[in-house]
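Undergrad: Please see the structure below; I have some questions.
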Amino acid sequence: MKKAIIFVVFAAFLFFAAYEIHPFGELDDSRMDDYIIENAQNETAANNVVTSVVFDYRGYDTLGEATVLFTAIAGALVVLRRVKNE
Amino acid sequence: MFEIGLILLSIFMVATAIIAVWFKDLLASTISLAAMSLLLSLYFYMLHAPDVAIAEAGVGACITTALLVITIKNTERMEEEGGEEE
Amino acid sequence: MSEERMSVIVTTIASLLFPFIFIFSFYVIMHGHLTPGGGFQGGAIGASAIVMLIVAYGAREVYKKASDEKLSIFESVGGLLFVLVGILGFILAASFLSNFLVGEPIFGNIPPFGSNPGELNSGGILPLLNIAVGMKVIGGLASVVLIMALAGGEKK
């Protein structure tokens, strides 16, 4: 019973959120996009604006992603690495 | 035409996902998951996100499949009966 | 995966395809600032080439050529290169990761505005960062799959 109530409330919340969601493919504030599209080629000297956003304007995010990858792989190697002396 | 393609791709993706859950043969369901990843990368490409499409094709369709195949090779191939009672 | 390699057909095709896939991965990494793709995507393609060798030949054979220690050293060098380029930006220009190579003779040609084919000798520090991330992803994903295959083979 309690589970059913929680389920109904959560489903209603999700339906409300899906109803209120931003329309697909439309934007209401494009100042950032216009700035990047007009100045990216001059400021970063790269033709691919996506790469210039990922590595230059948002370089810290890429550094964090690299850190996440490094930590995950270090954990996997620590757990699974063979013992040398055997 | 574009919308019809997207809807067809969505239907195929849902079908492959359901097949992946349905099969008792885990190797077959892994291949089905790889097919879903490939269709998802095609979907990303149709939505004008080629970066994400390349990443999805590389990671989802190759490395995840290889990891699951290696796991299946070292455990059991067929799913046990009786797991679905509840 | 300790049970040896797969059949001759599979191993021959895998070793034929391996250099092409690897060269394509280098292409995606090096042209990251001109075409779709970049460090992570190219690295995933290169790691999938190594994973194909692991599946075809078995983990032991690959371990003799490229052990997981070597692959993780490769990954760490990539991470260090990324941070080093960032700190160079801190020293030579305004801030951490700032693009200090724009306008310089190497990697510094500024392309004209609008869509144009572009040239390889542009992009500032973006090619360096792409190479760093590509090394990181190749080493990381390949070493994870290799170590999982090795650990599974030991149990039997």
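The values are calculated or read from the model by the stated rules, or taken from the named source; none is laboratory data. Fair warning: this is a prediction, and the values are worked out from it, not measured in the lab. Here the Cβ positions follow ideal geometry from the backbone for every residue, glycine too, while neighbour counts run over all protein chains shown. Keep in mind that these areas ignore ligands, DNA and RNA; they rest on the heavy atoms of the full protein, side chains included. Shrake-Rupley method; radii C 1.70, N 1.55, O 1.52, S 1.80 Å.
Undergrad: Taking the range B:1-59 only, how many residues are modelled with pLDDT under 90 and in contact with an Asp or Glu (Cβ under 6 Å, 6 or more places away or on another chain)?
TA: Residues that pass the stated criteria total 1.
Undergrad: Output the residue which, of all residues in the range A:47-74 that are at the interface with chain C (Cβ under 7 Å from one of its Cβ atoms) and in contact (Cβ under 8 Å) with a residue 12 or more places away in the chain, is least open to solvent (accessible area, probe 1.4 Å).
TA: A:52
Undergrad: OK, next. If you scan the range B:44-81, which residues turn out to be of a type in the set (Asp, Glu) and assigned to a loop (DSSP other than H, G, I, E, B)?
TA: Pass one, the range B:44-81, residues of a type in the set (Asp, Glu): B:51, B:56, B:76, B:79-81.
Result: B:76, B:79, B:80, B:81.
Undergrad: Follow-up. Could you please find all residues in the range A:33-46 being closer than 23 Å to residue C:30 by Cβ, surrounded by fewer than 19 Cβ atoms within 10 Å (Cβ to Cβ) and not polar (S, T, N, Q)?
TA: The initial filter retains those residues of the range A:33-46 that are closer than 23 Å to residue C:30 by Cβ, namely A:40-46.
Next, only the ones that are surrounded by fewer than 19 Cβ atoms within 10 Å (Cβ to Cβ) stay: A:42-43.
Scanning the range A:33-46 gives a single hit, A:43.
Undergrad: In the range C:46-79, what residues are more than 14 Å from chain B (Cβ to nearest Cβ) and either over 27 Å from residue C:151 (Cβ atoms) or of a type in the set (Val, Ile, Thr) (or both)?
TA: Of everything in the range C:46-79, those that are more than 14 Å from chain B (Cβ to nearest Cβ) and either over 27 Å from residue C:151 (Cβ atoms) or of a type in the set (Val, Ile, Thr) (or both) turn out to be C:73, C:77.
Undergrad: With respect to residue B:49, determine if the residue is within 12 Å of chain C (Cβ to nearest Cβ), of a type in the set (A, V, I, L, M, F, W, C) and under 16 Å from residue C:48 (Cβ atoms). Quick ask: steps written out before the conclusion?
TA: Working: within 12 Å of chain C (Cβ to nearest Cβ): yes; of a type in the set (A, V, I, L, M, F, W, C): yes; under 16 Å from residue C:48 (Cβ atoms): no.
So residue B:49 fails the test.
Undergrad: Determine which single condition residue C:79 fails, assuming it passes every other condition in (1) in a loop (DSSP other than H, G, I, E, B); (2) open to solvent by less than 30 Å² (accessible area, probe 1.4 Å).
TA: (1)
Undergrad: Can you tell which of C:45, C:29, C:91 is of a type in the set (Val, Ile, Thr) and either more than 23 Å from residue A:49 (Cβ to Cβ) or outside any helix (DSSP H, G or I) (or both)?
TA: Values: C:45 fails: either more than 23 Å from residue A:49 (Cβ to Cβ) or outside any helix (DSSP H, G or I) (or both); C:29 fails: either more than 23 Å from residue A:49 (Cβ to Cβ) or outside any helix (DSSP H, G or I) (or both).
Result: C:91 is the single residue among C:45, C:29, C:91 that is of a type in the set (Val, Ile, Thr) and either more than 23 Å from residue A:49 (Cβ to Cβ) or outside any helix (DSSP H, G or I) (or both).
Undergrad: Would a scan of the range C:122-144 turn up a residue that is open to solvent by less than 10 Å² (accessible area, probe 1.4 Å), part of a strand (DSSP E or B) and either away from chain B (no Cβ under 14 Å) or under 26 Å from residue A:34 (Cβ atoms) (or both)?
TA: Yes: one or more hits.
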